Amino acid sequence: MELVDTHCHIQSIGLRTQGEAVTRQLWAKAGDLTADGVIRAAADAGVTRLICVGCDLADSQLAIDFVQKRDNCWATIGIHPHEAGEALVHGRILPQFAALAHENKVVAVGECGLDYYYEHSSKPDQRQVLEFQIALAIEADLPLIFHVRDAFDDFWPIFDACNTTKQPIRGVLHSFTDSAKNLDKALERNLHIGVNGIATFAKNLAQLEVYRRVPLQKLLLETDAPFLTPVPYRGTINEPKYIGEVAHFIARLRGESLQTLAKTTTDNARALFGL
Ligand SMILES: [Zn+2]
């Protein structure tokens, strides 16, 4: 059985100064983990491909460097909505960021989007940086990884304004936990749905129903490691090797065989990101 972790942040494991700060500090709490040890453990658990997601300019550059010598890893470049304000402080940041889209093994733009739950950056800044990244992905012919939290009412108009029949936007709503209504809007727009450990500890029945309703052809698995550790490993740092717990849970919830779920989500990931 093969699985793809379509969303993890392992490029900052073991680093003291580089990489997005919150992520790096979380890895540091896990003690003596090494990036290659984490990748090996993932491979032993059937995770044959990993996508290392960037969250700001430096973190994206780090992800690109990280994947060059690791056959089963690919990178994305993204400015997380939390980092949008910071990215607009200096006029040189966005052009430098855009130049990374053409680097070797870059398979997507993101994570990008809107996060009105935390609102670490102002809403106008978040919207501007999202629009920039959608335009970049279209120009570079790359899919997008979207992070949208409590902000779909603003997200859909931006998406629709950039989406054309000539060059439709491709991508995934990562860590999807929203309503059936927004699931339908995503599917109408041909987006994929990324599911992670949150599903394993979701208490809300409507939420579980949403995971049941995602067409298998649109489903992607992810860990978002080091965040969002699935049951039964809550309380420890999340790693890509735990993605099997998500796969098991979702297969059982949907009444599908684990083999079918693993094969189809792997095919979906390979097709969307060109792995
Ligand atoms: Zn993430």
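Computed from the coordinates by the stated procedures, all read-outs in this text should not be read as laboratory data. Bear in mind the structure is a predicted one, so any value in this text is a computation, not a measurement. Backbone-built Cβ (ideal geometry, glycine too); neighbour counts: all protein chains shown.
Computed with the Debye formula from one identical point scatterer per Cα of the chain, without solvent, the log10 of I(q)/I(0) at q = 0.14, 0.15 Å⁻¹ comes to -0.95, -1.11. When the charge dipole of the chain is built from unit charges on Cβ atoms (+1 for Lys and Arg, -1 for Asp and Glu) and taken about the Cα centre, the candidate among A21, Q61, A247 whose Cα reaches farthest toward its positive end is A247.
Think of segment 193-270 as having a plus end and a minus end, set by charges on the Cβ of Lys, Arg, Asp and Glu; of L228, L208, A262, L208 sits farthest toward the positive end of this dipole.
Between K105 and A30, the modelled label-to-label distance comes to 1.8 nm, taking each label 7 Å out from Cα in the direction of the beta carbon. Temperature 10 °C, viscosity 1.306 mPa s: under these conditions the Stokes-Einstein estimate for segment 1-94, based on its Kirkwood radius over C-alpha pairs, is 115 µm² per second. By the Kirkwood approach, averaging reciprocal distances over each pair of separate Cα atoms, segment 196-264 gets a hydrodynamic radius of 12.1 Å. Each pair of Cα atoms in segment 90-213 enters the Kirkwood radius, and Stokes-Einstein at 20 °C and 1.002 mPa s then converts it into a translational diffusion coefficient of 139 µm²/s.
Compute the Cα gyration tensor for segment 41-105, then decide on rounded, prolate or oblate, letting a ≥ b ≥ c be the square roots of its eigenvalues: rounded whenever a/c is under 1.5, prolate when a/b is larger than b/c in the other cases, and oblate in all that remain. In terms of gyration-tensor shape, prolate.
Taking Cα centre as origin and charging only the Cβ of basic (Lys, Arg, +1) and acidic (Asp, Glu, -1) residues, the dipole magnitude of the chain rounds to 600 debye.
Looking at the square roots a ≥ b ≥ c of the eigenvalues of the Cα gyration tensor of segment 183-232, which shape do they give, rounded for a/c under 1.5, prolate if a/b is larger than b/c, or oblate? Oblate. The mean sequence separation of alpha-carbon pairs under 8 Å and at least six residues apart, normalised by the residue count of the chain, gives a relative contact order of 20 percent.
Using only alpha-carbon positions in segment 130-275, the gyration tensor eigenvalues give semi-axes of 26, 16, 15 Å once each is multiplied by 5 and square-rooted (largest first). Residues whose amide H comes within less than 5 Å of that of L228, counting only those at least five positions distant or on another chain, are absent (H built at 1.01 Å from N in the peptide plane). Computed extension length for L205-K69: 44.6 nm, one decimal, from 0.36 nm per residue of separation with the Cα-Cα distance subtracted.
With R₀ set to 30 Å, the beta-carbon distance separating D184 from E131 gives a calculated FRET efficiency near 0.80. For segment 139-275, the relative contact order works out to 21 percent when only alpha carbon pairs closer than 8 Å and six or more residues apart are counted.
Computed extension gain for L258 through D160, at 0.36 nm per residue and net of the alpha carbon distance, reaches 31.8 nm.
3J(HN,Hα) along segment 27-41: 4, 4, 5, 7, x, 9, 5, 10, 4, 6, x, 5, 5, 5, 4 Hz, from the Karplus curve 6.51 cos²θ - 1.76 cosθ + 1.60 with θ = phi - 60°, whole Hz, x for Gly and Pro.
Residues in segment 236-272 near a label at Q217, defined as backbone nitrogen under 19 Å from the 7 Å Cα→Cβ point? Only 256-257, 260-272 pass the distance filter.
Between H7 and I51, T223, D224, the built amide H atoms are under 5 Å apart, and every one of these is 5 or more places off in sequence or on another chain. For the peptides 199-212, 59-72, 234-247, the ranking by mean Cβ contacts within 10 Å, running from highest to lowest, is 234-247, 59-72, 199-212. Restricting the chymotrypsin sites (Phe, Trp or Tyr not before Pro) of segment 91-176 to loop positions (DSSP other than H, G, I, E, B) with no more than 12 neighbouring Cβ atoms within 10 Å leaves Y117, Y118. Using alpha-carbon positions, what is the distance between the centroids of segment 162-177 and segment 206-239, in Å? Segment 162-177 and segment 206-239 have Cα centres spaced 20 Å from each other. About its Cα centre, segment 1-98 has a charge dipole of approximately 140 debye under the convention of +1 per Lys or Arg Cβ and -1 per Asp or Glu Cβ, with nothing else charged.
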